[in-house]
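Notes follow once the structure below has been shown.
Every number here is computed from the coordinates shown, using simple stated rules; none is lab data. All of these numbers come straight from a predicted model, not from anything done at the bench. Virtual Cβ from ideal backbone geometry, glycine too; neighbours counted across all protein chains shown.
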Amino acid sequence: MSWTKKAVSLGTVWTLTLAGSVLINGRPARAAQKAQKAQQAVKSSAPVEAPFEEKELIKLIKHNRHHPEKVAKEVETRGTDFEFTPDVVKKLTKAGATKQLVTYMKQFTPSARASRKAKVGNTEVSVAEGEAYNKLKNSKNPDAVIQAADSFTAKYPKSPLLTYVYALEASAYQQKNDAANVVKYGEMSLNLDPTNLISLLMVSSVLPQPQMLNNVSDAEKEKRLGKAEKYAQQALQEIDQLPKQPNESAAAYQKRKNQIASGAYASLGMVHLERSRMALEGLDQGELAKAEQNYKAAISKSNNPNPADYYRLGEVYRGEKKLDEAIAAFSKAGQLAQGTVIEQLANQQIQELKKAKNSQPKTAAKP
């Protein structure tokens, strides 16, 4: 295909398909991490040239009078930092640009670039807006993501991509262990799109955590737990409606949905565990039973269960006086989280449970 007929390519963009790499608390495979690093290294080593200035483009045209395709390719790659006014067109023509080349190059002026549309998922935005979003979602450092997100929202306050931008910002705060801002930006995302699955999973997982419930009234605590439950239930509905990917087998499709649903069930487990602790006398056994059911679902549906889910299940069993089951759950949590705080806490729980078992009066053997 000749350069005169070539369509402007805008590059690929993230569509939030919820493959395994975007799961909350997911652990990307080592091979995927290596590939990601290699790709990043290639990008960082490639020089990024600024758009052509007027004098620079005129010089390029003069040097390539008989090779307009070279000029076209360079301009397509870099664009220009100036508009093609009648006076500029005269200068370019005098330098050797044909009418056909001038028409082609006009696609890459600042105004043409700003008015051109790019597709992000099913959403059309300007090229500049799409590139700003790509830069944001390709940032690896959480502080860089937050800065880029704030810059994007200031520049494009009515962008249809804002729900995704806020979700990315919430994810960055999650990496910084800033629970309050995860909820803040996650809910800003959900205010724009209540079906945003990434945000539903993040907010429902953070709201029922102890750090979000300490030092608040019981009314506020129940309000937060109620929201977490609502978001988790909504997430399960969205997961059930996820589209099947091309060439994806039925088994692989179900496996993918189960893996994503695991996080939502864990959030529901935490909601019911915390509600059990709000009982006026002792632990609410009905809420503990619901917590047990949801944590079991979270573990059974995951290809790579979260050790925190086993730890919380151990807490549930302990509250239900199922000491052997509790020891088994804490042991599994410690095995999956070796060398971490979870392993230390699990070992403490196991020691306490074993002491409790040994102190129990032994049932006399029946004659």
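Points worth noting:
- Residues satisfying the stated conditions in segment 156-184, i.e. touching a residue at least 24 places away in the same chain (Cβ under 8 Å) and not aliphatic (A, V, I, L, M): Tyr156, Ser159, Pro160, Thr163, Tyr164, Tyr166, Glu169, Ser171, Tyr173, Gln174, Gln175, Lys176
- With respect to the stated conditions, Leu313 is closer than 23 Å to Ala228 by Cβ, in contact (Cβ under 8 Å) with a residue 40 or more places away in the chain and more than 25 Å from the chain's Cα centre (by Cα).
- Pairs, first free of Cβ contacts under 8 Å to residues at least 60 places away in the same chain and over 20 Å from Arg256 (Cβ atoms) in segment 288-309, second among the acidic types (Asp, Glu) and buried (at least 20 other Cβ atoms within 10 Å of the Cβ), C-beta under 8 Å, six or more apart: Tyr295/Asp309
- Hey, Lys296 of a type in the set (D, E, K, R) and closer than 21 Å to Ala346 by Cα or not: yes
- Only listed residue being assigned to a helix (DSSP H, G or I) and in contact (Cβ under 8 Å) with a residue 40 or more places away in the chain, chosen from Gln245, Gln234: Gln234
- Sole residue being among the small types (Gly, Ala, Ser), out of contact with any Cys (no Cβ under 9 Å at 6 or more places or on another chain) and closer than 18 Å to Ala167 by Cα, chosen from Ser204, Ser217: Ser204
Residue-by-condition table, conditions (1) closer than 25 Å to Asn138 by Cβ; (2) in a helix (DSSP H, G or I):
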position: Tyr166; (1), (2): yes, yes
position: Ala180; (1), (2): no, yes
position: Gly186; (1), (2): yes, yes
position: Thr195; (1), (2): yes, no
position: Ser204; (1), (2): no, yes
position: Val216; (1), (2): no, no
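- Checklist (1) among the aliphatic types (A, V, I, L, M); (2) over 30 Å from Ser159 (Cβ atoms); (3) exposed (fewer than 13 other Cβ atoms within 10 Å of the Cβ) applied to Leu225, failing item: (3)
- Annotation: of all residues in segment 146-179 being farther than 19 Å from Asp193 by Cβ and hydrophobic (A, V, I, L, M, F, W, C), the one that is farthest from the chain's Cα centre (by Cα) is Ala154.
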